[in-house]
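Here the structure comes first, spelled out in structure tokens, and everything after it is commentary.
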Amino acid sequence: MDQRMSVSVILSDAWELAKRNIWILLGFTIVQFLFILTITGVLGVVLGGGSGTAALIQNVVLSLFDAFFTVAFYQVFFKLIDDDDHPELPDFVPNLLKAVNFLIVKLIVGLILVGIIAIISSIYFINTPEIDTSQPFSWELLPVFILIAIPIIFFTIRFCFVVCFIVDQESGSSEAISQSWTLTKGHFWFISLLFLVMLGLNILGAMALFIGLLFTVPFSSIILIIAYRHLVNNYTDEEEIMLNDPEDKDGN
């Protein structure tokens, strides 16, 4: 790893980017908050808050919004990194293909995790049938929660740059998964430390009457964007990673 790349350097670069574009950052967060609040309230009134169908529809709508919103956010901040010009209105419009690819990735990763969780839970409860599952926060269930948390944390870290590749490199869903897996290889503990820092920031944001989350949540995404760029730029010619120049793609 390049010695110039460290948690402090990434945090410093992320802070400078966020500070220069604080109103764009907060604008994205406010729009996200208002949309979630509105759609939750509207669907709750129209469909009824207690039904399973209402919950399913609400989750689908929010997942769709999250995909398009995330792509738009990353589009704007990659432009702010690459260009000195301020983003224009088209930059805030999420690319449909990129959003669809991100949705496909979320579905693939979700299915993988559901399968792993189901296998772990089945094995655990088959071998410990005496455990009372009516109390989900009992000490007896702590081991299975830990076993489930391990693959979730592992795959979260290994796939954390998927959206970066989709937006920055215009990668497809399967290609972005492979690229993120390759980029994070050998940097698992370094990225884990970044996630711990982001967790700490968001805890502090929540402690500030949750108002701080309006900044710390999108700032966490900026940290990932900066970390992605540092890791990509630190790859040498001898290190294999499937990176493509967007200009080359346009020319093909």
Under the rule rounded for a/c under 1.5, else prolate if a/b exceeds b/c, else oblate, using alpha carbon gyration tensor axes a ≥ b ≥ c, segment 71-183 is classed as prolate
For the chain, the longest principal axis of the Cα atoms and the Cα long axis of helix 173-184 enclose an angle in degrees, to the nearest 10, of 80
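Can you give the calculated 222 nm mean residue ellipticity of the chain, where each DSSP H run of n ≥ 4 adds -39,500 (n - 2.57) and the sum is split over every residue, rounded to the nearest 500 deg cm²/dmol? Please list the in-between numbers first.
Values: 10 runs with 186 residues, N = 252.
Helices in the chain give a 222 nm mean residue ellipticity of -25000 deg cm²/dmol.
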Helix 142-158 sits off the longest principal axis of the Cα atoms of the chain, rounded to the nearest 10 on a 0 to 90 degree scale, by 20
Among P136, S192, Q169, the residue whose Cα sits farthest towards the positive end of the charge dipole of the chain, when +1 is placed on the Cβ of each Lys and Arg and -1 on the Cβ of each Asp and Glu, is P136
Short to long, in 10 Å steps from zero, the percent of alpha-carbon pairs of the chain per bin is 6, 24, 34, 24, 9, 2, 0
Mean-square fluctuation maximum in Gaussian network of the chain, Cα pairs under 10 Å, restricted to S220, S171, S121, hits S121
For the chain, longest principal axis from Cα atoms; helix 52-82 axis from its Cα atoms; angle between them, nearest 10 degrees, is 20
Comparing R229, R20, R158 in a Gaussian network model of the chain (Cα, 10 Å), the one with the largest mean-square fluctuation is R20
Per GNM of the chain with C-alpha springs under 10 angstrom, the most fluctuating residue out of N233, N21, N101 is N233
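Given the peptides 80-89, 177-186, 206-215, arrange them by the average over their residues of other C-beta atoms within 10 Å, most packed first.
Values: 80-89: 11.2, 177-186: 18.5, 206-215: 13.6.
Result, highest mean first: 177-186, 206-215, 80-89.
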A 1.4 Å probe over the protein heavy atoms gives segment 91-243 a carbon and sulfur accessible-area percentage of 74
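The values are calculated or read from the model by the stated rules, or taken from the named source; none is laboratory data. Note that this is a predicted model, so its numbers are computed, not measured. No Cβ is skipped: glycine too gets one built from the backbone with ideal geometry, and neighbour counts run over all protein chains shown. Quick note on the areas: whole protein, heavy atoms, side chains included, nothing else; ligands and nucleic acids left out. Shrake-Rupley method; radii C 1.70, N 1.55, O 1.52, S 1.80 Å.
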